[in-house]
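Colleague: Next up is a structure, given as C-alpha cells.
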Amino acid sequence: MCGIVAYIGHKEAYPIIIKGLKRLEYRGYDSAGIALLNDGSLNVYKKQGKVANLEEYSSDKDRGGHSGIGHTRWATHGEPNDINAHPHLSEDEDLAIIHNGIIENYDSIKKELLSKGYTFKSDTDTEVLCYLINDIRKNTGTKLGEAVRLALQQVIGAYAIVVISKSEPDKIIAARKSSPLVVGIGHEGDFYLASDATPIVEYTKRVVYMNDEEIAVLRAGEEMKLYGIDDVEKTPYVQELELHLEALEKGGYDHFMLKEIHEQPRSIEDCFRGRMNAEKGWVSLGGIKEYEQKMVNANRIIMIACGTSWHACLVGEYLFEDLARINVEVEYASEFRYRNPIITENDVVIAVSQSGETADTLAALELAKSKGATILGICNVVGSSISRITDAGSYTHAGPEIGVASTKAFTAQVTVLTLMALSLAKRKGTISESEFRTKLSELEAIPQKVQQILEKNDKIKYIAAQYQNASNALYLGRGSSFPVALEGALKLKEISYIHAEGYPAAEMKHGPIALIDEEMPVFVIATKGTSYEKVVSNIQEVKARKGKIIAIVTEGDVQVTAIADHVIEIPEVDEHLVPLLATIPFQLLSYHIAVMRKCNVDQPRNLAKSVTVE
Ligand code: G6P
C-alpha cells in the first residue's frame, strides 16, 4: 500500500523514479509525487490520480537532478488530493519525505509540534514525521541520519520512509519497520530504493532487503551504510535477484490481468515442477520437509490470510482434512490477531500471501510466533517479509502478479496446498499408494486442462456480454467449490463493481433465494462429483424462481446442460483438483464483463494489491 521509489547516483533521477512509480502503481493510485534535488534546489511536484497525471503536470518544470524520491499513494490519513500527496516537506522546506505505512501516534506528536508553534499544510501522519525529524535536527544540531533515528524512536506504527535534504544533498536516508523496502546496489556506485524489487531489476540484480528498525545511509559512489535504530552498525546482506524484466511487461495482452490468466498453464507447472513425480510416486516440498512431521502431529493447523489468499486457504482446508485427516482452521488474519486466540506450541500456523507483505497476515503470524506455534509461509514474492519471518515455507513461483485482482497467484497457492496435503497424507498413511499416484498424474495434467479452458475464451466472452449490465450476481458451489464461488464473486465485484456474493449452494435457501428474479445471474459450479445431484436440486430451485443459471459443468454433462441458460464445460478431473479448473472461467467472465463496462481492470478503484496497513 503506497509505493515508494528513490534514486541517488550519477544518472538523471526523474526517469528512473517515474518508471519505478509506474511499476509500483499496483500498490495505490490515489496520487503521485516526486521530489528532486538539483543544484541546491529541492523541486517537489505532486498530483492527485495516477503517475501519468504527475508526468503531465511536471512536463514544463525543472525535472533535473541526480537524487530524488517518488511516491504513489493509497490514502489512509487525509483525502486523496494534491496537498495530501507525498512527498511532504518540512516547515522550512529543507527536508522531503516519502512514507508507506501508518504512524499510529501521529496525533500526540502533532499536538506537541503544534504547541511549539508549527503549522501543518496537510492532514497526513507523514508530514508530522517530517516536521519531527527536522525539529530534532534543529534542536540537537545532528545530521539527517541521526535525526531520523531519534525521531523513529518516538514513533509507534509502520513505516518505510526515504528522506532527502537540501542542506545535506549528498545522501539519502531510508528506514523501515513493518513496511517493505529494498535497496538496489548499482554498478557505478548508485543506489535504487523501492517498496519491491520491480523498479530496480532493470538496473541491478544486487539487492538488500531491509529489516525492521534498520536505517540505511546512501551516498553516491560510497558503500551502503546500515544501522539499527539502536545505532549499532550492521553489515548489509546482499542478495541476487531472480526476477526477469519481461515478467513485468504486458507481453502483447491488453491488460496484466488477462496476461496473468493466460499464464496459468505455465505458472501452475512452475509451481509443481521438481516437487513431484507421478511416475515415481513422490512429492517433496523442500522448504517445509523438516516440518512435515510436526504438521502431522500438530494439534491443528491454522491457515491465516486475507482476500483471495483466504479463499485458497479454504480450498486447503478441504484438501488437508479430506486427504490427510488433519484438523484445519481457516482464519481471516485481521480477526485472528485481535481475537485473543488460543494458540499452543503444538499448533502449526500457515500464512498464505501473494505479496508476503499484508500487514494483518504479518501481525497474525507474529502473534502466533510469540505464543510458540510453528509458523510457515506460502508466498509468491521471494524475499518478502512473511517469507523472512516464518520458520520455513514454500514459494508459489507464479512470477510477478501485477493485476490488482489476483488470478495466477490463487491457482499457484492452491497447487502448493494440494502438494502439501498429498505429502502429509502419504506421510500419515491416509492415502493409498495408487490413489496418491493417480492424484499426482492428475495434477500433472492440470496445465494442459487449464489451456483447454482458456481456449473457450470466445464462448465465455459471449456469456459475459449477456450479463454485463447485471447489478447483482450470486455464485454457488459446494465442498471445495464453495471457496471457488467466493473467489468468483470477489473477482466480479472488485473489477466490474457489480455486487456479487458467493454462497455454499445449500445455504441459498436461507436468505439469498429471496433475491432471485429474472434479472439475477446465478453462477454455479456443478461439476461431476459427490454433491452433483444436490447442486442440480439447487439449480432447479433457482430456475423455479426464474433466475438465470450459468453453470460450470464437466465435459459431456447432460442433466445441468438441459436446464441451465449457459454452460461452460471443463475437462473431467479428480474431484480434489476441481478448484484449479473451475476458477478459470470465472476469472475470464469477470475480466470480460469489466472490460465491457469500461472499468480499469488492472487498477480497480479504491483497491491496492499489497495491503501494508491494517
Ligand atoms: C489485496 C489484494 C488481493 C489479495 C489480498 C491479500 O486485497 O487486492 O488480491 O488477495 O490483498 O494479499 P496477499 O498479498 O496477502 O495475498
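Colleague: Taking H as built 1.01 Å from N, whose amide H comes closer than 5 Å to the amide H of ARG300, not counting residues under 5 places away?
Modeller: The list, which skips near neighbours in sequence, is VAL348.
Colleague: Considering only protein heavy atoms, what per residue accessible area in square angstrom results for the stretch 359-460 with a 1.4 angstrom probe?
Modeller: Details: 3120 Å² over 102 residues.
Ligands and nucleic acids excluded, the figure is 31 Å² per residue.
Colleague: Please report the antiparallel percentage of DSSP beta bridges with both residues in the chain, rounded to the nearest 5.
Modeller: 60
Colleague: Now for a separate question. Residues with amide H under 5 Å of GLY377's amide H, sequence separation 5 or more or different chain, H placed in the peptide plane at 1.01 Å from N; which?
Modeller: ALA351, ALA392, GLY393, SER394
Colleague: Further question: Give me the percent of accessible area attributable to carbon and sulfur for the chain, probe 1.4 angstrom.
Modeller: That share works out to 47 percent.
Colleague: A follow-up question, please. Hey, what number do you get for the chain at 222 nm if only DSSP H runs of n ≥ 4 count, each worth -39500 (n - 2.57), divided across all residues, to the nearest 500?
Modeller: Result for the chain, helices only: -11000 deg cm²/dmol.
Colleague: Relative to the Cα centre, what is the charge dipole magnitude of the chain, using +1 at the beta carbon of each Lys and Arg, -1 at the beta carbon of each Asp and Glu, and rounding to the nearest 20 debye?
Modeller: In total the dipole reaches around 520 debye.
Colleague: Kindly report, to the nearest 10 Å², the accessible surface of PHE256 as traced by a 1.4 Å probe over protein heavy atoms only.
Modeller: Its heavy atoms expose roughly 30 Å² to the probe.
Colleague: Given a 1.4 Å probe and the protein chains all in place, what does the accessible area of CYS599 round to, in Å² to the nearest 10?
Modeller: About 20 Å², rounded to the nearest 10.
Colleague: How would TRP282, TRP310 line up by accessible area, probe 1.4 Å, largest first?
Modeller: TRP282, TRP310
Colleague: Report the gain in length on full extension from ASN211 to ASP458: 0.36 nm times residue separation, minus Cα-Cα distance, nm rounded to one decimal.
Modeller: 84.2 nm
Colleague: So, one more: List the aspartates and glutamates whose Cα lies under 16 Å from the Cα of LYS177, skipping any in the same chain that are fewer than 8 positions away.
Modeller: Hits, sequence-local ones excluded: GLU104, ASP125, ASP196, ASP212, GLU213, GLU214, ASP230, ASP231, GLU357, ASP360, GLU366, GLU614.
Colleague: Summing Lys, Arg as +1 and Asp, Glu as -1, what charge do residues with Cβ under 9 Å from the Cβ of LEU144 carry, LEU144 excluded?
Modeller: Value of the local net charge: +1.
Colleague: Moving on. Can you give me the distance in nm between label points at MET596 and ASP107, each placed 7 Å from the Cα along the Cα-to-Cβ direction?
Modeller: It is 4.7 nm.
Colleague: Sort THR530, THR430 by heavy-atom solvent-accessible area, probe 1.4 angstrom, most to least.
Modeller: THR530, THR430
Colleague: If you don't mind, there's one more thing I want to ask. Loop only per DSSP, at most 16 neighbouring Cβ atoms within 10 Å: give me the trypsin sites (Lys or Arg not before Pro) in the stretch 267-320, ordered by residue number.
Modeller: Filter output for the stretch 267-320: ARG273, LYS280.
Colleague: Of LYS46/LYS116; LYS171/LYS250; LYS50/LYS110; LYS259/LYS548; LYS22/LYS459; LYS461/LYS548, which pairs sit farther than 24 Å apart, going by alpha carbon to alpha carbon?
Modeller: Violating the 24 Å limit, Cα to Cα: LYS46/LYS116; LYS171/LYS250; LYS50/LYS110; LYS259/LYS548; LYS22/LYS459.
Colleague: For the residue pair ASP82 and VAL232, what label-to-label distance in nm results when each label sits 7 Å from Cα along the Cα-to-beta-carbon direction?
Modeller: Between ASP82 and VAL232, the label points sit 4.8 nm apart.
Colleague: Could you go through the stretch 375-383 in sequence order and give the Karplus-derived ³J(HN,Hα) for each residue, using 6.51 cos²θ - 1.76 cosθ + 1.60 with θ = phi - 60°, rounded to whole Hz, and x for Gly and Pro?
Modeller: Values per residue, Gly and Pro as x: 10, 10, x, 10, 10, 9, 7, 5, x Hz.
Colleague: Right, something else. Could you tell me which GluC sites (Glu not before Pro) in the stretch 408-513 are loop residues by DSSP with no more than 16 other beta carbons within 10 angstrom of their beta carbon?
Modeller: GLU455
Colleague: What whole-number value in Å² describes the accessible area per residue of the stretch 507-614 for a 1.4 Å probe?
Modeller: 40
Colleague: Modelling each spin label as a point 7 Å along the Cα-to-Cβ direction, I'd like the GLU345/VAL558 distance in nm, to one decimal.
Modeller: 6.1
Colleague: Follow-up. When the Cα centres of the stretch 154-217 and the stretch 8-33 are compared, how far apart do they sit, in Å?
Modeller: Taking the Cα centre of each part, the stretch 154-217 and the stretch 8-33 sit 13 Å apart.
Colleague: Additional query: Once phi is turned into θ = phi - 60°, what whole-Hz ³J(HN,Hα) does the Karplus curve with 6.51, -1.76 and 1.60 give for every residue of the stretch 577-584, x standing for Gly and Pro?
Modeller: 9, 3, x, 5, 9, 5, 6, 5
Colleague: Suppose the chain between LYS546 and GLU290 were pulled fully straight at 0.36 nm per residue; how much longer would it get relative to their current alpha carbon spacing?
Modeller: 86.7 nm
Colleague: Once phi is turned into ³J(HN,Hα) by the Karplus curve 6.51 cos²θ - 1.76 cosθ + 1.60 with θ = phi - 60°, what whole-Hz value does each residue of the stretch 443-450 show in order, with x for glycine and proline?
Modeller: 5, 4, 7, 4, x, 5, 6, 4
Colleague: How long is the gain from LYS61 to ARG273 if the chain were fully straight, where each residue apart is worth 0.36 nm and the alpha carbon distance is subtracted?
Modeller: Result for the pair: 71.2 nm of gain on full extension.
Colleague: Same structure, new question: At 1.4 Å probe size, put HIS262, HIS592 in order of accessible surface, largest to smallest.
Modeller: Ranking HIS262, HIS592 by accessible area, largest first, yields HIS262, HIS592.
The values are calculated or read from the model by the stated rules, or taken from the named source; none is laboratory data. Being a predicted model, the structure only gives us computed values, none of them experimental. Reconstructed Cβ throughout: ideal geometry from the backbone, glycine too, with neighbour counts over all protein chains shown. Ligands, DNA and RNA are stripped out before the accessible areas are found, and what is left, the full protein with its side chains, is counted by its heavy atoms. Shrake-Rupley method; radii C 1.70, N 1.55, O 1.52, S 1.80 Å.
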